[in-house]
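Read through the structure below, which is laid out as structure tokens, and then see the notes.
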Amino acid sequence: MVVVSSASSRRRLNGVKIASVQTVSETLKAGTTRVWSMSVELPFAPVDTIIRRNAGNLRVSAEAAEELARRIQDEGARLAAAAAGEATADGRKTLMAADFGVTDPGDKDALELPIAPVDRIARLEIEDYRVSMDARVALAGQLEDYADTIAAAAADLARHADRRTVKAEDIEAYFDLQQYFE
């Protein structure tokens, strides 16, 4: 069995560029089995905390935290790609807080989302760009607001379904019903 574990966000595997690999295992037996699992850069614990602060007395499933972490990662990569467009238009290779539409990024210690994974998320869709600390904090703040909005709506959906647990299906349902929550 060959196991490759990666903490970096850019790798090449068999000549194919991949964003991040949590585990790649290849078992060589009579029938070769390959298992490829893409990871979410964001740890689930702070995402779980964000859901819990919006859910009141509801419980939170691990799958809900995982689903929200995936959605946060996708949104962060999208925002970073747009910010890279702004930086390129200004002739820069460094993303600044202003590229995310933020003038004062605030205090990084006040955020629940950790900065290092947010930096890796920012680099998922862009290459050859640096991300300033203010830009990382600005992106983390935007992603935390995004997560709060989704978590509050998911908690409402769980209550509406007369459940005591926020589940991944509540996070998914938010995106199906998003127009009704705005």
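Rank these for me by crowding, Lys167, Lys93, going from fewest to most other beta carbons within 10 Å. Don't jump to the answer; show the numbers that get you there.
Values: Lys167 20, Lys93 11.
Ascending Cβ contact count within 10 Å gives the list Lys93, Lys167.
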Query raised in the report: Quick one: Cα centre-to-centre distance for region 121-182 and region 42-88, in angstrom?
Result: 5 Å
Report summary line: For Leu95, the residues 5 or more places away or on another chain with a placed amide H closer than 5 Å to its own amide H are Arg130, Val131, Ser132
Query raised in the report: So for the pair Glu63, Glu125, with labels modelled 7 Å out along Cα→Cβ, what separation do we get in nm?
Result: 2.7 nm
Query raised in the report: Non-local amide H neighbours of Val166 (under 5 Å, H modeled in plane, Pro and chain starts lacking H): which ones?
Result: Arg59, Val60, Ser61
Query - Hz values of 3J(HN,Hα) by residue in region 102-110 - Karplus curve (6.51, -1.76, 1.60), Gly and Pro given as x - result: 10, 8, 10, x, x, 9, 5, 6, 7
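FYI, it's all coordinate maths here, none of it is from the lab. Values in this document were obtained by computation on a predicted structure and should not be read as measured data. Here Cβ is always computed from backbone atoms with ideal geometry, including for glycine, and neighbour counts include all displayed protein chains.
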